[in-house]
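Okay, structure first, notes after.
The values are calculated or read from the model by the stated rules, or taken from the named source; none is laboratory data. Not measured: the values here are computed from a predicted model. Heads up, the Cβs are rebuilt from the backbone with ideal geometry, glycines too, and the neighbour counts pull from every protein chain shown. Surface accessibility is based on the protein's heavy atoms, side chains included, excluding ligands, DNA and RNA. Shrake-Rupley method; radii C 1.70, N 1.55, O 1.52, S 1.80 Å.
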Amino acid sequence: VQLQASGGGLVQAGGYLRLSCVASGGTFSSYVMAWFRQAPGKEREFVAGVSRSDGYTYYADSVKGRFTISRDKTKNTVYLQMNSLKPEDTAVYYCAASSWGVFTKTSRAYAYWGQGTLVTVSS
């Protein structure tokens, strides 16, 4: 499956952005989908994930209550709505797909990755 992420940009603290990730070349409903991010000088970290079928969602503590992940099966797209953005949310955001049957936050379980989209939050 190929993943194409978009929607990043520059926003002031307290603002919002919506990231999109379109999947092609695979059966979208068979993948657990997730967003990860990597800030300069830091390791890649899990942000949010959504299960294959029942739409159950998972979040990192740092974004819980501010970010919302969702998937649209009709458009083969996963979204990340990011509200109340903080400067510490600045990073390159990656969407990823896993063919594992169950959700995991472990990045090595995700075999497919998008190209990343840069989110910059100014203070």
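Worth pointing out:
- Alpha carbon centroid spacing (whole Å) that separates the range 68-92 from the range 14-52: 7 Å
- Relative contact order (%) - the chain, alpha-carbon pairs under 8 angstrom, separation at least six: 36 percent
- Rounded percent of accessible protein surface that carbon and sulfur make up, the chain, 1.4 Å probe: 47 percent
- Excluding ligands, DNA and RNA, the accessible surface per residue across the chain is 51 Å² with a 1.4 Å probe.
- Loop-located chymotrypsin sites (Phe, Trp or Tyr not before Pro) across the range 23-83 with a Cβ neighbour count of 14 or fewer within 10 Å are Tyr56, with loop assigned by DSSP.
- At most 12 other Cβ within 10 Å, DSSP loop - trypsin sites (Lys or Arg not before Pro), the range 4-93: Lys42, Lys64, Lys73, Lys75
- In units of the compact-protein estimate 2.2 N^0.38 Å, the range 14-61 shows a Cα radius of gyration of 1.35.
- Solvent exposure of Leu17, expressed as accessible area, is near 30 Å², computed with a probe of 1.4 Å over the protein chains only.
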